[in-house]
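Worksheet: one structure, shown below.
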Amino acid sequence: MKSIKLIALAVIALPFIGMAQHKQTTDFDILDNNQDGFINPYEAFDILLMMNKGKKKDIRLNDIPNIASKIRNEQKQEVLDLLKDVDKNKNGVIEFTEADDEILWMLKFMDTDKSESVTKQELFDFNFENAFFLSDKDIKKEVEQLFKEFTKTGNILLKELNDTLYSEFEEWDLDRNGQVSKQEAYDYMKADNTPVAFTVKGNVAYMKGVITACTPAKVLELIFEHPNVKTIEMVHVPGSIDDVSNLRASLYVHQFGLNIQLNERSIIASGGTDFFLAGKERTVAKGAKIGVHSWSGGAKPATELPKSHKSHKKYLDYYRIVNIPDEFYWYTLEAAPAHDIHFMTEQEIERYNIRTK
C-alpha cells in the first residue's frame, strides 16, 4: 500500500531538494521554482516576494546574483546535511541499508542507476515536483490490482477488512456509505497524483490535489485573477511534497483574508491541514476528515528532535501567525508517525481551534 500513500505522507519528502539542482544556472533561473524550464509570472512574483521578505527596500537588479547565490548555497547545504545525517559509514553515499523506512521509499526514487544507494549527485539532481505522481494508466492499473486482491465482485466492503486495512481504505469511501467503488478509488488516487488546482465557481474556489512548489504561484494567481473569490473549499488535499512552499502559499491565503471551508466529504491531511489553518474563517462540516501526523526529514523523525531544535521553528511561527496554539504542533507529532495518518476527532478539532465557526 506504500505506493498509494506516497503523496498523502509526503510532508516527509524533504522539500528543499526539489530546488537544489547542482548545475550551472543563470541568476534568473531562481525564478523557475518548479524547475520546468519556464517562468510563470506568478511563479516569479512568488519568488521575488520571498527574496524581498524582511527587507526595507526594493530588490535591485544587481542584487539578484547575490540573492540567487545565497539561496543556492542554503539549498546545497541542506542536501549535504541530509547526506551527513543518513550516511552512517561516512563514505559519501547513502546506502539503502543505512536508511530507515521513513525515507527508504524516497531514496528508491532518487536511485537513478539502480545501485541500491544514492550518491551526492543523485541527491542534487533529484526534483520532487512530479517525481511521485502516477500516470492515469498506472492509477487505473493500481485500482484493478487492488480490487482483484480485496474483492471478488463489486465494491470493497470496509466492514470485511481488518483494522489496519480499514484505516487505509476508510478515507477512500468518499460518499461515506461503508464501501469503496472503483470510481471512488480512482478519484482518490487521482487527487493523490495531481498538483493542486483551483476551480472557480462564483465566489468560491474548489481546491483539489497535492501541494507542490507551484502552489504559492497558483494561490497568487487565484487572488489577483479572481478578486471575487472570498472562500476556498478544500475538496481533497492529501498533503504536500514541498512544505516550505506550502507554508508560503498558506500565508498568502491568510494575509489576503480568504475563508476556507470543508464540506461533509472533504478529506485533507498533512500539509493540506496546515493550509486549511490559514483561513480567516474556517468551517468544518460534519463528516469532513482532517488528518495529521509527524514528519521526518533525515536520520531522525521530528519526535526525536529536542523542542528547541531549529527544524520546529518554521511550523511554530506559522501556527502563531494563524492563531493556532503551540500545543497543536506537538500534538501532531505524537498523533501518528510520518508513515501513518490520524484523523482528528470532533473533540480534538474543538480543542485546538481548528474551526472558527
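The values are calculated or read from the model by the stated rules, or taken from the named source; none is laboratory data. Computed from a predicted model, the values in this text were never measured in an experiment. So basically every Cβ, Gly included, is an ideal-geometry build from the backbone, and we count neighbours across all protein chains shown.
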>> Exactly one of these conditions fails for Ile321: (1) over 14 Å from the mean Cα position of the chain (by Cα); (2) within 30 Å of Lys88 (Cα to Cα); (3) β-branched (Val, Ile, Thr). Give me its number.
In response: (2)
>> Condition (residue is surrounded by 15 or more Cβ atoms within 10 Å (Cβ to Cβ), part of a helix (DSSP H, G or I), on the phi < 0 side of the Ramachandran plot and in contact (Cβ under 8 Å) with a residue 60 or more places away in the chain) applied to the stretch 278-299: is it met by at least one residue?
In response: no
> What are the residues in the stretch 304-333 that are touching a Ser or Thr at 6+ places or on another chain (Cβ under 7 Å) and either of a type in the set (A, V, I, L, M, F, W, C) or modelled with pLDDT under 95 (or both), if any?
Replying inline: Leu305, Leu333
> In the stretch 260-277, which residues are in contact with a helix residue (DSSP H, G or I) (Cβ under 7 Å, 6 or more places away or on another chain) and part of a helix (DSSP H, G or I)?
Replying inline: Gly271, Asp274, Phe275
>> Return the pair list, or none, for Cβ contacts closer than 7 Å from residues in the stretch 172-187 that are among the β-branched types (Val, Ile, Thr) to residues that are not in a helix (DSSP H, G or I), at least 6 apart or on different chains.
In response: Val180/Asn155; Val180/Ile156; Val180/Asp173
> Quick one: would you say Lys159 is part of a helix (DSSP H, G or I), crowded, with 16+ Cβ neighbours inside 10 Å and not aromatic (Phe, Trp, Tyr)?
Replying inline: no
>> If I filter the stretch 255-303 down to residues being closer than 30 Å to Val79 by Cα and among the polar types (S, T, N, Q), which single residue comes out as modelled with the lowest pLDDT?
In response: Ser296
> Are there any pairs with C-beta distances below 6 angstrom linking a residue in the stretch 233-251 that is crowded, with 24+ Cβ neighbours inside 10 Å and at pLDDT below 90 to a residue that is assigned to a loop (DSSP other than H, G, I, E, B) and among the aromatic types (Phe, Trp, Tyr), with the two at least 6 apart or on different chains, and if so which?
Replying inline: Ile241/Phe128
> What residue, of Thr199, Thr153, is closer than 21 Å to Ile268 by Cβ and surrounded by fewer than 20 Cβ atoms within 10 Å (Cβ to Cβ)?
Replying inline: Thr199
> Here are some conditions: (1) at negative phi; (2) assigned to a loop (DSSP other than H, G, I, E, B). Arg176 meets all but one. Which one does it not meet?
Replying inline: (1)
> Would it be correct to say that Lys120 is assigned by TED's automatic domain parsing to the domain that holds Ile30 and more than 18 Å from the chain's Cα centre (by Cα)?
Replying inline: yes
